[in-house]
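**Q** Before I ask anything, let me first share the structure, which is written out below as structure tokens.
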Amino acid sequence: MPPILSLAHLSKVYASGFEALHDVNLEIAQGEIFALLGPNGAGKTTLISIVCGSVNKSGGQVLVGGLDNLTNYRATRSRIGLVPQEIALDIFSTVWSNVRLSRGLFGKRPDDAYLEGLLKDLSLWEKRDSPVIQLSGGMKRRTMIAKALSHQPDILFLDEPTAGVDVNLRRDMWALVRKLRETGVTIILTTHYIEEAEEMADRVGVMKEGRLALVEDKVALMRRLGKRHLSLTLKTPLAVLPEALSDWSLSLAAEGSRLVYDFDAKAPDNGMPALLQKLDSLGVGYSDLETSNSTLEDIFVSLVEAKRP
Amino acid sequence: MSNMPMTDTPITNRPMMSLAFNGPGVWAIYRNEIRRTLRTLIQSVVSPVITTALYFIVFGGAIGSRISQVGGVSYGAFIVPGLIMLSLLTQSVSNASVAIYFPKFTGAIYELLSAPMSAVEAVLAYVGAAATKSVGIGLIILATAELFVNVTILHPVWMIAFLVLTSVAFSLFGFIIGIWAKSFEQLNLVPALILTPLTFLGGSFYSIDMLPPFWRTFSLFNPVVYLVSGFRWSFYGVGDVSIEASLAFTALFIAVCLAILVWIFRTGYRLRA
Ligand SMILES: Nc1ncnc2c1ncn2[C@@H]1O[C@H](COP(=O)(O)OP(=O)(O)O)[C@@H](O)[C@H]1O
Ligand SMILES: [Mg+2]
């Protein structure tokens, strides 16, 4: 099956001269949940906005279901729903008018039964006749989601859907994503939170400074994310690693006075007890021992550095 | 690069649910805009009625008692078409400019920009709604004027035609201003600096024949003169300029606005980064 979304050599230079996207290539399969990770300013929102049509690209091509998103904008856009990062609503209109307007904008005939179900799913039904200005922040965000889903898109973009939202909404959001996936909707979401990607995504892309530094299967990435380090402070510094320790992925630091072991925290056997036994039998003494996890920041840095020429 | 091409896609290459014309979209915006007006119905209707009544008291009553007739029409009746035009211009520009400026201001415009709507459809919906409102207000003012003076309408079809054409022309103009404006100050700048002077100097309250020769010639460069004159002609059969000139000007004005809008949507000017 051809990819539902395909970006080829996509680039963006804003009028200010700032290069927000640099030669981005990406293919997303139908029904996939794709998480775009990356620090602030990486270009995630720019990428989404170009696909959806609210920002002009500078170069490259965007294909949605095999169709160019400019020359076939009617066909491509009517398939896409977008929940932008910022809440932006006609605050004087009611929730109901907002979703009805959205559905119409995307070329769909009114279907009040569908919209009723949608608002109920999002716990908004009771608030349907309230002007948006009277809603709480969480309810406003739910309204944004309802608008994005009002025309039954089969591709959904969620730009930082859970940034600054309460626990309830976050949980509901995850449930919604799972429910949508069951109906075959392709979902592309951006986030700062690694656990969100872990919870929901099939594949993960990491952006940095306008480049797509890496695209990886979630399971593989999580294995890397699951890396832990054991650091031993040696009583006597070692010049070289003993041959007998070659089964473990070890390195020496601090002029041989520290031995560092990288291991997979999630593996059934992490090799740590065996290593410690081996050290005892070799007579390598240590005075201190500590373990640490890779942070998201470490991962970003190591992934991005590794990919740079 | 344009994300919202004016022309449509070729018939070939069309996937399952392509639309030739986004009728539901146009209708949804139009309906939403009219609802917005109805929410503020009192304000929308009462204020032009009061303003008109005041004009009648001041101009029709105080000044009209000294100027009995202009071109064979009582002064009170003479100013009716001009008064309607005055409101029509200001209302059209303000309605249409706010309608598009406000979503830009709140950020809600992202949805219009990412919707499967062509520029023509967006303009049709927004300008159509703004013009509808203006025509409504024009008719309300006409009804109010009837309470004060006897208004005769010699050419009712032309009268309606001018009412609609002027509303459309200045709603288009307002739409452009709404897209251009980066702040509420700018939004008010054009109406205050250009529109108000042009309307007051546009022969709403006098015939340009009453002016000294220099100012009379000068007035012929004022587009509003042509609108007021044509509109007045549809009432009383007399105008400052010929009906053909009035029509030609209105058509030209609409054409220029449309050309600017085509360019705006082609380039994404002040709509898309
Ligand atoms: N309209 C704009 N004009 C100029 N620069 C912009 C504009 N929008 C975004 N940028 C810049 O582009 C970069 C990427 O922004 P964005 O796509 O919002 O990143 P992210 O969503 O990953 O945080 C940022 O440095 C931002 O300042
Ligand atoms: Mg962003």
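The values are calculated or read from the model by the stated rules, or taken from the named source; none is laboratory data. The structure displayed is predicted, hence computed values, not measured ones. Note that we place each Cβ from the backbone using ideal geometry, even for glycine, and neighbour counts take in every protein chain shown. Protein only, heavy atoms only, side chains kept; ligands, DNA and RNA dropped before computing areas. Shrake-Rupley method; radii C 1.70, N 1.55, O 1.52, S 1.80 Å.
**Q** For the B and A pair, go ahead and give the buried accessible area with a 1.4 Å probe, both sides summed, in Å² to 100. Don't skip to the answer; put the middle values down first.
**A** On the way: alone 13830 and 15580 Å², together 25800 Å².
In total, chains B and A hide about 3600 Å² from solvent.
**Q** Next question, about the same structure. Given Cβ point charges of +1 (Lys, Arg) and -1 (Asp, Glu) and nothing else, what value in debye, to the nearest 20, does the dipole of the stretch A:5-223 about its Cα centre take? Can you show the working numbers first?
**A** Values: 27 positive and 27 negative charges, 98 e Å.
My answer is approximately 480 debye.
**Q** If the only charges are +1 at each Lys and Arg Cβ and -1 at each Asp and Glu Cβ, what is the size of the charge dipole of the protein assembly as shown around the Cα centre, to the nearest 20 debye? Each step should come with its number before you reach the end.
**A** On the way: 50 positive and 48 negative charges, 303 e Å.
Here the protein assembly as shown has a charge dipole of around 1460 debye.
**Q** Okay, moving on. What does the highest-first list of B:143-150, A:208-215 look like by mean Cβ count within 10 Å? The partial results should precede the final answer.
**A** Working: B:143-150: 15.1, A:208-215: 19.1.
Taking the mean over residues of other Cβ atoms within 10 Å, the ranking is A:208-215, B:143-150.
**Q** When you look at the Cβ of every residue in A:103-113, what mean number of other chain Cβ atoms sits within 10 Å?
**A** Working: counts 3, 14, 16, 10, 14, 6, 3, 3, 0, 0, 0.
Rounded to a whole number, the mean comes out at 6.
**Q** Let me ask another. Per residue, how much accessible surface does chain A expose to a 1.4 Å probe? Answer in Å², no decimals. Please list the in-between numbers first.
**A** On the way: 13760 Å² over 309 residues.
In whole numbers, chain A has 45 Å² accessible per residue.
**Q** Can you work out the Karplus-derived ³J(HN,Hα) for every residue in the stretch B:192-203? Use 6.51 cos²θ - 1.76 cosθ + 1.60 with θ = phi - 60°, whole Hz, and x for glycine or proline.
**A** Those phi angles translate into 6, 7, 10, 5, 4, x, 4, 6, 5, 8, x, x Hz.
**Q** Charges on Cβ only, +1 for Lys and Arg, -1 for Asp and Glu, centred on the Cα centroid of the stretch B:23-267; of B:57, B:46, B:237, which one is farthest towards the dipole's positive end?
**A** B:46
**Q** Taking the Cα atoms of chain A, what is the range of coordinates along each of the three principal axes, in descending order and whole Å?
**A** 78, 43, 39
**Q** Identify, among A:28, B:228, B:136, the residue whose Cα sits farthest towards the positive end of the charge dipole of the protein assembly as shown, taking +1 on the Cβ of Lys and Arg and -1 on the Cβ of Asp and Glu, with the dipole about the Cα centre.
**A** Most positive-ward Cα: B:228.
**Q** I need the fraction of alpha carbon pairs in the stretch A:1-100 separated by more than 16 Å, rounded to a whole percent. Let's see the in-between values first.
**A** Details: 3077 of 4950 pairs.
Percentage above 16 Å: 62.
**Q** Shifting gears a bit: For the stretch A:1-123, what relative contact order do you get, as a whole percent, if you take Cα pairs closer than 8 Å and at least 6 residues apart?
**A** Value for the stretch A:1-123: 23 percent.
**Q** For residue A:262, what accessible surface area do you get with a 1.4 Å probe? Give it in Å², rounded to 10.
**A** Rounded to the nearest 10, that gives 60 Å².
**Q** Leaving ligands and nucleic acids out of the surface, order A:182, A:216 by accessible area at 1.4 Å, largest first.
**A** Ranked list, largest accessible area first: A:182, A:216.
**Q** With Cβ to Cβ distances under 11 Å as the rule, what net charge do the other residues near residue A:92 carry (K, R +1; D, E -1)? Mind showing how you got there, number by number?
**A** Details: positive: B:35, B:36, B:39; negative: A:90.
Result for the neighbourhood of residue A:92: +2.
**Q** On to the next question. Quick check for me: using +1 on Lys/Arg Cβ and -1 on Asp/Glu Cβ, what's the dipole size of chain B about its Cα centre, in debye to the nearest 20?
**A** Details: 14 positive and 9 negative charges, 111 e Å.
The dipole magnitude comes to about 540 debye.
**Q** Continuing with this model, one more query. Using +1 at the Cβ of each Lys and Arg and -1 at the Cβ of each Asp and Glu in the stretch A:5-223, identify which of A:97, A:206, A:65 lies farthest towards the dipole's positive end.
**A** Farthest towards the positive end: A:97.
**Q** Would you work out what percent of the accessible area of the protein assembly as shown, with all protein chains in place, is carbon or sulfur (probe 1.4 Å)?
**A** Working: 15670 of 25800 Å².
The computed percentage sits at 61.
**Q** At residue A:19 and residue B:259, where each label point lies 7 Å from the Cα along Cα→Cβ, what is the point-to-point distance in nanometres?
**A** For the pair residue A:19/residue B:259, the computed spacing is 3.9 nm.
**Q** Then there's this: To the nearest whole number, what is the average tally of beta carbon atoms from other chains within 10 Å of the beta carbons of peptide B:102-110? Let's see the in-between values first.
**A** On the way: counts 3, 3, 0, 1, 6, 7, 11, 2, 9.
Mean shielding count: 5.
**Q** Of all the C-alpha pairs in the stretch A:227-293, what % are more than 15 Å from each other?
**A** For the stretch A:227-293, the fraction of Cα-Cα distances above 15 Å is 48 percent.
**Q** Separate question: How much accessible area per residue does chain B have, in Å², with a 1.4 Å probe? Don't skip to the end; give the middle numbers.
**A** Working: 12030 Å² over 273 residues.
Value returned for chain B: 44 Å² of accessible area per residue.
**Q** Once the whole set of protein chains is in place, how much accessible area is left on residue A:73, using a 1.4 Å probe, in Å² to the nearest 10?
**A** 0 Å²
**Q** Taking the full set of protein chains and a 1.4 angstrom probe, give the accessible area of residue B:180 in square angstrom, rounded to the nearest 10.
**A** Here the residue's solvent-accessible area equals roughly 80 Å².
**Q** Do the sum for chain A: with -39,500 (n - 2.57) for every DSSP H run of n ≥ 4, divided by all residues, what is the mean residue ellipticity at 222 nm, to the nearest 500 deg cm²/dmol? Don't jump to the answer; show the numbers that get you there.
**A** Working: 10 runs with 102 residues, N = 309.
Rounded to the nearest 500, the figure is -10000 deg cm²/dmol.
**Q** Another question, if that's okay. Residue separation times 0.36 nm, minus the C-alpha to C-alpha distance between residue A:27 and residue A:291: what's the value? Intermediate values should be presented prior to the final figure.
**A** Numbers: separation 264, 0.36 × 264 = 95.04 nm, distance 3.78 nm.
Full extension of this stretch gives 91.3 nm more.
**Q** Something else: Could you work out how far apart the two model spin labels at residue A:114 and residue B:273 are, taking each label as a point 7 Å from the Cα in the direction of the beta carbon, and quote it in nm?
**A** 3.1 nm
**Q** Here is a further query. Short version: which residues of the stretch A:11-35 lose at least 40 Å² of accessible area, all chains versus chain alone, 1.4 Å probe?
**A** none
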